[in-house]
1. When the dipole is taken about the Cα centre of the stretch 68-109, and only Lys, Arg (+1) and Asp, Glu (-1) are charged at their Cβ, what size is it in debye, to the nearest 20?
2. In whole angstrom, note down how far apart the Cα centers of the stretch 22-53 and the stretch 76-133 are.
Amino acid sequence: MKKLICIISLMMVSIHFALAQTHDEVKELVKQTRVLVEQNATEAFKTINKGGYKTNPYVFVLDTNLIIVAHGASPELVGTSRTGFKDSNGKDYVKIMRTRALADGFGWVNYMHINPETGKDTKKLSYVELVTGSNGRNYIVGSGRYAK
């Protein structure tokens, strides 16, 4: 039953935020995802990776070693390391995400990223939070919005 509730909750959050345009909405998406990861990390990750968040904004989850564990727009990236990964301007934005999450528990990071809807390198602002999953492991849950 918990599994079904988690899946339904993730799908509802995805639909609700498919058109999110403000910083507050992106932040709220991360906060709602945080709760689901805290309740049942495995099911939350499965749903995200099945395209449960294949929207703009989408949700991504990294472990604290910068390995992608869930990605709503590109689930094929799961298991890949983002260590040393830089944007087109040379900014190591994933490392900055981890630093902010570990130091403060949350934070905003701006960088360049390929927008999955347009295929173009676009300015992006993401919000991340440090989350302890139901399995006791720490994760960085994030989402962002592309500049129009």
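Where a number appears in this text, it was derived from the coordinates with a stated rule and is not lab data. Remember, predicted model here, so these are calculated numbers, not experimental data. Cβ atoms come from the backbone with ideal geometry, glycine included; neighbour counts cover every protein chain shown.
1. On the way: 6 positive and 4 negative charges, 26 e Å.
So the dipole magnitude of the stretch 68-109 works out to roughly 120 debye.
2. With the stretch 22-53 and the stretch 76-133 each reduced to a Cα centre, they are spaced 16 Å.
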